[in-house]
Amino acid sequence: MRRKVFIGILILICFLLQCTVFHALAFGGIIPNFLIILTSSYGFMGGKKSGLITGVLSGLLLDIFFGEAIGFSALIYMYIGYINGNFRKIFFPEDIKLPLCLIALSDLVYNLIYYSLLFLLRSRFHIGYYFVHIILPEVIYTVAIALIMYPLILRIDQKLAEHEKRSGKKFV
């Protein structure tokens, strides 16, 4: 129960950071995607189910406040969390290369799907401009923030796992 509450609080904190604090720290209108970092992290740390649930909740929060259609971002985040959950078998907490690569790839895929379904279908064919000026800087900024944020998420998750082992309960 403690882990579930903590993940909910983390989703809210990441959402607030993404929507408030980092708008002031935007580089050329680009802000890091904290919810992708969180969804990807809980995907490969906790598995498919954990990534899926974190993705749905993160995406729904974005859809409710900023989305054009409720469920669009939730669906994309859900798939990102689920796919990252497949990497749990090869995930090692002390190795940061795999998480950073997966976070970068997740952000890239999210932005490409978002562009394809929201802009390309409206006959806005400026993929080169969008990729160079929006997608690539956001991926770089997200990975830079993930260098700081991922070890914190990992450490907190390990502390929660220790507490669960001591108390004899196991929640996933």
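The values are calculated or read from the model by the stated rules, or taken from the named source; none is laboratory data. Quick caveat: nothing in here was measured; it's all calculated off a predicted structure. Using ideal geometry, Cβ is built from the backbone for each residue, glycine included, and neighbour counts are taken over all protein chains shown. Accessible surface areas use protein heavy atoms only, side chains included; no ligands, DNA or RNA. Shrake-Rupley method; radii C 1.70, N 1.55, O 1.52, S 1.80 Å.
Looking at the range 111-134, can you tell me whether even one residue there is within 17 Å of the chain's Cα centre (by Cα), more than 15 Å from GLY43 (Cα to Cα) and open to solvent by less than 40 Å² (accessible area, probe 1.4 Å)? Yes: one or more hits. Pairs are defined by a Cβ separation below 8 Å, a sequence spacing of at least 6 or placement on different chains, a first member in the range 64-93 that is under 20 Å from PRO151 (Cα atoms) and touching a residue at least 60 places away in the same chain (Cβ under 8 Å), and a second member that is in a helix (DSSP H, G or I) and open to solvent by 40 Å² or more (accessible area, probe 1.4 Å); the pairs so defined are PRO93/GLN158. Taking every residue in the range 44-63 that is assigned to a helix (DSSP H, G or I) and pairing it with any residue that is modelled with pLDDT under 95 and of a type in the set (D, E, K, R), at least 6 positions away or on another chain, the pairs with Cβ-Cβ distances below 8 Å are PHE44/ARG88; MET45/ARG88; MET45/ASP157; GLY46/ARG88; GLY46/ASP157; LYS48/ARG88. Evaluating ILE80 against the criteria (1) open to solvent by 20 Å² or more (accessible area, probe 1.4 Å); (2) more than 25 Å from GLY168 (Cα to Cα); (3) in a helix (DSSP H, G or I); (4) aliphatic (A, V, I, L, M) leaves one unmet condition, (1). Residue pairs whose Cβ atoms lie under 6 Å apart, sitting 6 or more positions apart in sequence or on different chains, and linking a residue in the range 130-143 that is under 18 Å from LEU25 (Cβ atoms) to a partner that is at pLDDT below 95 and among the β-branched types (Val, Ile, Thr), are PRO137/ILE30; GLU138/ILE30; TYR141/ILE30.
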